1. Determine whether ALA176 is within 27 Å of THR96 (Cβ to Cβ), open to solvent by less than 40 Å² (accessible area, probe 1.4 Å), part of a loop (DSSP other than H, G, I, E, B) and among the hydrophobic types (A, V, I, L, M, F, W, C).
2. Within the stretch 1-50, which residues are over 28 Å from the mean Cα position of the chain (by Cα), among the acidic types (Asp, Glu) and not in a helix (DSSP H, G or I)?
3. With the requirement that a residue be assigned to a helix (DSSP H, G or I) and open to solvent by 40 Å² or more (accessible area, probe 1.4 Å), what does the stretch 209-236 give you?
4. Looking at ASN268, ASN318 in this structure, which one is at pLDDT 95 or above and not hydroxyl-bearing (Ser, Thr, Tyr)?
5. Residues in the stretch 179-199 that are open to solvent by 10 Å² or more (accessible area, probe 1.4 Å) and farther than 15 Å from GLY31 by Cβ: how many?
6. Going residue by residue through the stretch 74-84, is there one that turns out to be free of Cβ contacts under 8 Å to residues at least 60 places away in the same chain, under 28 Å from the mean Cα position of the chain (by Cα), surrounded by 10 or more Cβ atoms within 10 Å (Cβ to Cβ) and farther than 27 Å from ALA152 by Cα?
7. Looking only at the stretch 18-42, count how many residues are without any contact (Cβ under 8 Å) to a residue 24 or more places away in the chain, open to solvent by 70 Å² or more (accessible area, probe 1.4 Å) and farther than 11 Å from PRO182 by Cα.
8. Restricting the first residue to the stretch 122-134 and requiring it to be among the hydrophobic types (A, V, I, L, M, F, W, C), which pairs with a second residue that is surrounded by 12 or more Cβ atoms within 10 Å (Cβ to Cβ) and not in a loop (DSSP other than H, G, I, E, B) meet a Cβ separation below 7 Å and a spacing of at least six or different chains?
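The values are calculated or read from the model by the stated rules, or taken from the named source; none is laboratory data. Just so you know, these numbers come straight off a predicted model, no measurement behind them. All Cβ positions, glycine included, derive from the backbone under ideal geometry; neighbour counts span all protein chains shown. These area figures cover heavy atoms from the full protein model, side chains too; ligands, DNA and RNA do not enter into them. Shrake-Rupley method; radii C 1.70, N 1.55, O 1.52, S 1.80 Å.
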Amino acid sequence: MFVPFSLNPGQKKVIKLYMCWYVPQTKLQFGEVDAEFKKKVEQDPLLQYHKPWYSSRFSNINEVADFWRSSYAELYKKTQLFTKAFYNSTLPAEVTDAVAANLTILKSPTVLRQYDGRFWTWEGCGDNWGSCHGSCTHVWNYAQAVPHLFPALERSLRETEFNENQNAEGHQVFRANLPISPTTHNFHSAVDGQLGGIMKVYRDWRISGDDQWIRNLYPKVKKSLDYCINTWDPQRRGVIEEPHHNTYDIEFWGPTGFATTFYLGALNAIITIGKYLKEEVDSYENLLKAGKSYLETKLFNGEYFIQDIQYEHLKAANPATAQSFGENIPRKP
């Protein structure tokens, strides 16, 4: 393809190249579905594959092209407005460069949007592959651009976490299926991902101001936190001490400042939400008070917050007798 043109000295010319595509069906599929959803897939095999968001908005390539053509001027205007506002800020050049570099992820194949508009992400991507599927909760904990620029997309991540990815006991899977669907629960929860999700619910509610959204989600958020307490703080000390899987892809044994800060943040979040909704939160307040004291007195060495490694006197069996990564941790009878 070429566009012939000529320029005299000092002249300039803008050439617009309009490109669009339409691939409504894919062969993309990741994760394991639960038994109930597997029956639905048997009846309709296409349910097992990812369908992009535009497949529900446009029925063919011509509709895509017409939308692109008619919307170009408005989209270009908004893009220029954002770009100028961003680069004309008073932020130091180093900060602007760092933020811009990370914002480019939102225009890359690292992120997908499925047919119903919900957000789904890799941890990163190469030229022709995605790295670590499933909107990984303890990786995307640290992303702050989406909730502030596209808050509705970010809220869809919470809805996946507390619905398709959480079972009746409150166990939450930290990698979502593609397409998003009810998943199996055959591996550890991630302590930082699950507790971080509770804090993100609070953040997303404050950004949106949507009280009905938080009312609908609150019972499942509470169930998630109760699971975390029963699993990692069964002694009700306000500290994470039982072996806990985390973003390092290992289990930490014994109380850690790292995980306990997530725990206290999640407790504080649900206390604030619960009080607003006029729910009972006394037990969470007691845990928060105890955990804060434990963190500041026993997990702080005067310079750093630390891990107090323990593998005895826990509910979990001694790790010397069982591999901790890749299989369920045996419990004492």
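1. Values: within 27 Å of THR96 (Cβ to Cβ): no; open to solvent by less than 40 Å² (accessible area, probe 1.4 Å): yes; part of a loop (DSSP other than H, G, I, E, B): yes; among the hydrophobic types (A, V, I, L, M, F, W, C): yes.
Here the answer is no, as ALA176 does not meet what is asked.
2. Result: ASP44, single match.
3. In the first step, residues of the stretch 209-236 are kept if they are assigned to a helix (DSSP H, G or I); the result is 211-232.
Answer for the stretch 209-236, where residues must be assigned to a helix (DSSP H, G or I) and open to solvent by 40 Å² or more (accessible area, probe 1.4 Å): ASP211, GLN212, ARG215, ASN216, PRO219, LYS220, LYS222, LYS223, ASP226, TYR227, ASN230.
4. Numbers: ASN318 fails: at pLDDT 95 or above.
ASN268 is the lone residue from the list that is at pLDDT 95 or above and not hydroxyl-bearing (Ser, Thr, Tyr).
5. 2
6. no
7. Final tally of qualifying residues: 5.
8. Here the result reads TRP122/GLY130, each pair linking the stretch 122-134 to a residue that is surrounded by 12 or more Cβ atoms within 10 Å (Cβ to Cβ) and not in a loop (DSSP other than H, G, I, E, B).
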